[in-house]
């Protein structure tokens, strides 16, 4: 679904010289996961993720139900990508990962609450929204290919960011997990006619190389578009935060939360697809 790429819009929390200069100040005493969610612009992000999901539902419909899934399929996809439900699940998972560490939450909140932090988040979400348009995504890919061919120094910065946050491997793992959940959901409806679990697993693992290649291409395209307005120094600072303890802690918490939420999404989509394939009411 590229659910592999779900986690990218917020997963790039890195500091700037401004962050480095202000870390000595006292953290916000009452920092909480709810406050962090507001600072991270999660409501705006999940609205975009819903739009992505509805588009993914249309793609599944075209691929799996040539005659159309009808209003029932549309309603099922809309329920699965309900923003309030996704947001609540994500916040609960984030609370489980970070709730016992208010100092780290305060440190992260302070950075993202800064002018630079808010600007970065807006750029990430704007790029995510731009990718809803296929032509925009293709243009970003061409720009990324050209930058690599011209040995643009920005490409090396993006590579270091990807490595610092382990974005490639974590997103590949998330994609495989999501695909397995989708297939498991379909199998639970009897849509596969008793295909053994080991066959399903084999099919999923067979997708790994292609998923890794597609995700790598997507990463450089998306990050290149999102961070194009940043200066080299700002991006360098952003990488530095990812390498910091707070950045590493946030990275792990975000990936865990997104994986929890979108594994459920994939499972429910699989169930809905399996039911629709058999002509039953969803």
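Points worth noting:
- Qualifying residue in the stretch 209-223 (condition: buried (at least 19 other Cβ atoms within 10 Å of the Cβ), part of a helix (DSSP H, G or I) and over 19 Å from the mean Cα position of the chain (by Cα)): no
- Filtered residues of the stretch 45-69 (kept if without any contact (Cβ under 8 Å) to a residue 40 or more places away in the chain and closer than 24 Å to residue 254 by Cβ): 47, 50, 54
- Pairs, first at negative phi and in a loop (DSSP other than H, G, I, E, B) in the stretch 241-267, second modelled with pLDDT under 95 and surrounded by 18 or more Cβ atoms within 10 Å (Cβ to Cβ), C-beta under 6 Å, six or more apart: 243/164
- Residue match in the stretch 79-86 (condition: in contact with a helix residue (DSSP H, G or I) (Cβ under 9 Å, 6 or more places away or on another chain) and under 13 Å from residue 273 (Cβ atoms)): yes
- From the list 246, 272, the lone residue that is more than 25 Å from residue 40 (Cα to Cα) and either exposed (fewer than 15 other Cβ atoms within 10 Å of the Cβ) or more than 15 Å from the chain's Cα centre (by Cα) (or both) is 272.
- Contact map, the stretch 198-220: first residue touching a residue at least 40 places away in the same chain (Cβ under 8 Å) and on the phi > 0 side of the Ramachandran plot, second residue surrounded by 15 or more Cβ atoms within 10 Å (Cβ to Cβ) and part of a helix (DSSP H, G or I), Cβ cut-off under 6 Å, separation 6 or more or different chains; the map is empty.
- Close pairs (9 angstrom Cβ cut-off, 6 or more residues apart or separate chains): in contact (Cβ under 8 Å) with a residue 12 or more places away in the chain in the stretch 70-86, in a loop (DSSP other than H, G, I, E, B) anywhere: 72/281; 72/282; 73/65; 73/282; 75/282; 76/69; 76/282; 77/69
The values are calculated or read from the model by the stated rules, or taken from the named source; none is laboratory data. Because the structure is a prediction, the values reported are computed rather than measured. Here Cβ is always computed from backbone atoms with ideal geometry, including for glycine, and neighbour counts include all displayed protein chains.
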